[in-house]
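Q: Handing you this structure, nothing more for now.
Only the coordinates and a few stated rules stand behind these numbers; no lab work does. Remember, predicted model here, so these are calculated numbers, not experimental data. Cβ: placed from backbone, ideal geometry, glycine included. Neighbour counts: every protein chain shown.
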Amino acid sequence: MITRILTIETSEDICSVAVFENQQCMIDMSDNTVKNHSQILTVLINKALEKANLDISLIDAVAISRGPGSYTGLRIGTSVAKGLCYALRKPLLAVNTLEVLCYAALDHPDFMRHRSGQPWLCPMIDARRMEVYMQIFDDQIKPVSAIEAKIVGSETFSDMLRTQKMIFFGSGSEKIAFLYHSPNAVFIKNIRPLARYMIEPALAAYHSGIFEDVAYFEPYYLKDFVATRSTNKVLRRR
């Protein structure tokens, strides 16, 4: 039986969508225009469905990357996904964004060179300054730790790295690489969560009947939204 899932990823700067038949990606599209998710997401969805030659009514479920990540990006992606599910009466699936990063890492050519030795995977999403959203997984993408927002210093992983090989990746890892020089610490650049890497956990949720409540679902922001004051003097009230 064919299961068709539309996946949506908006947790960081790249806005992406993909259409799947079972585990086969029919089409994936992305846009990396910063702060443009609200304008481009529905355009990408329509283009992806058109290129896949698929009417949206034939989608069996919509999967959203639930966070953690950008408050605004997650809110936009969730709003669109919930609207589609409500209109089409289809189930809403929610996927851990850090788990999506792990599947993205599996597809990166540098990852295969470092996979020996049963390393732990540590996806990180930038949360400003030296703080990251992170979670540790084993090499089978099974959680070793809970999701957390952590301020990373030179001692944060030092005890683990004495005995455990760890692979760090994601936007948050790139700003802490200079802190660790252990041979057990591997840093891989340019790995981002994209919709095409969401299908494994999305299908698992679908076949297990783990559906979100469309009316009450909220993304996993992890931290409260904090508005920042503009530094543009032109915009200040006189």
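Q: How large is ³J(HN,Hα) for each residue in the range 172-182, as worked out from phi by the Karplus curve 6.51 cos²θ - 1.76 cosθ + 1.60 (θ = phi - 60°), to whole Hz, x for Gly and Pro?
A: With coefficients 6.51, -1.76 and 1.60, one gets x, 6, 5, 8, 10, 4, 5, 7, 10, 10, 5 Hz.
Q: Identify, among Q135, A94, S116, the residue whose Cα sits farthest towards the positive end of the charge dipole of the range 80-135, taking +1 on the Cβ of Lys and Arg and -1 on the Cβ of Asp and Glu, with the dipole about the Cα centre.
A: Value: A94.
Q: Whole-Hz Karplus ³J(HN,Hα) for the range 196-211, in order, using 6.51 cos²θ - 1.76 cosθ + 1.60 and θ = phi - 60°, x for Gly and Pro?
A: With coefficients 6.51, -1.76 and 1.60, one gets 5, 9, 8, 5, 4, x, 5, 5, 4, 5, 5, 6, 8, x, 8, 9 Hz.
Q: Setting aside same-chain residues fewer than 8 positions from K142, which aspartates and glutamates have a Cα under 14 Å from its Cα?
A: Output for K142: E99, E200.
Q: Could you check which residue among A48, A63, A87 shows the biggest mean-square fluctuation in a GNM of the chain with a 10 Å Cα cutoff?
A: Highest fluctuation among the options: A87.
Q: To continue, here is another question. Going Cα to Cα from K223, which lysines come in below 17 Å? Please leave out same-chain ones fewer than 8 positions away.
A: K150
Q: For the chain, what is the calculated [θ] at 222 nm in deg cm²/dmol (nearest 500), taking -39500 (n - 2.57) for each run of four or more DSSP H residues and dividing by its residue count?
A: Only helices count here, giving -7500 deg cm²/dmol.
Q: Rounded to the nearest 5, what % of the DSSP beta bridges within the range 109-188 are antiparallel ones?
A: Looking only at bridges with both residues in the range 109-188, the antiparallel portion is about 55 percent.
Q: Rounded to the nearest 5, what % of DSSP beta bridges with both residues in the chain are antiparallel?
A: Among the beta bridges of the chain, antiparallel pairing accounts for roughly 60 percent.
Q: Rounding to the nearest 10 and keeping the result within 0 to 90°, find how far the Cα-based axis of helix 37-51 lies from the longest principal axis of the chain.
A: Result, in degrees: 60.
Q: Using the basic label-point model (7 angstrom from Cα toward the beta carbon), what is the T3 to M26 distance in nanometres?
A: 1.6 nm
Q: Let's see if you can work this out: charge +1 on each Lys and Arg Cβ, -1 on each Asp and Glu Cβ, no other charges. What is the dipole magnitude of the range 109-188 about its Cα centre, in debye to the nearest 20?
A: So the dipole magnitude of the range 109-188 works out to roughly 80 debye.
Q: Next question. Most exposed first by the Cβ proxy, i.e. fewest other Cβ within 10 Å, how do E50, E200 rank?
A: E50, E200
Q: If we count every other residue with Cβ under 13 angstrom of P109's Cβ, Lys/Arg +1 and Asp/Glu -1, where does the sum land?
A: That works out to +1.
Q: Can you tell me which of E131, E155, E212 moves the most in a GNM of the chain? Springs connect C-alpha atoms under 10 Å apart.
A: Sorting by GNM fluctuation, first place goes to E155.
Q: Among I210, I27, which comes first, then next, by fewest other beta-carbon atoms within 10 Å?
A: I210, I27
Q: Another one. Provide the gained length on full extension for the span R115 to S145, in nm with one decimal, where the gain is 0.36 nm per separating residue minus the Cα-Cα distance.
A: 8.9 nm
Q: I'd like the orientation of helix 71-88 relative to the chain: the angle between its Cα long axis and the longest Cα principal axis, in ° from 0 to 90, rounded to 10.
A: Once rounded, the angle reads 30 degrees.
Q: Of the labelled options (1) 61, 53, 30; (2) 57, 52, 35; (3) 58, 44, 34, which one gives Cα extents along the principal axes in Å as computed for this structure?
A: (1)
Q: I would also like to ask the following. Per 0.36 nm of contour for each residue apart, how much would the distance between T33 and N46 grow if the chain were fully extended, relative to their Cα-Cα spacing?
A: Taking T33 through N46 to full extension adds about 2.9 nm, to one decimal.
Q: Along the charge dipole of the chain, which of M166, F211, S11 sits closest to the positive end, that is, farthest toward it, with unit charges on the beta carbon of Lys, Arg, Asp and Glu (+1, +1, -1, -1)?
A: Positive-end residue among those listed: S11.
Q: Stretch E131-L222 to full length: gain in nm at 0.36 nm per residue minus the Cα-Cα span?
A: 31.5 nm
Q: What is the chain's relative contact order, in percent, from Cα pairs under 8 angstrom and six or more apart in sequence?
A: 21 percent
Q: Can you list, bin by bin at 5 Å, the percent of alpha carbon pairs in the range 109-188, starting at 0?
A: Bins of 5 Å from zero give 3, 16, 28, 30, 17, 5, 0 percent of pairs.
Q: Right, another one. Can you find, among A177, V62, I27, the residue sitting farthest towards the positive end of the charge dipole of the chain, where Lys and Arg contribute +1 and Asp and Glu -1 at Cβ?
A: Of the options given, the answer is A177.
Q: Same structure, new question: Please state the charge dipole magnitude for the chain, taken about the Cα centre, from unit charges on C-beta atoms (+1 on K and R, -1 on D and E), reported in debye and rounded to the nearest 20.
A: 1040 debye
Q: Neighbour counts of other C-beta atoms within 10 Å: give me V132, V43 arranged from fewest to most.
A: Taking fewest neighbouring Cβ atoms as first place, the list is V43, V132.
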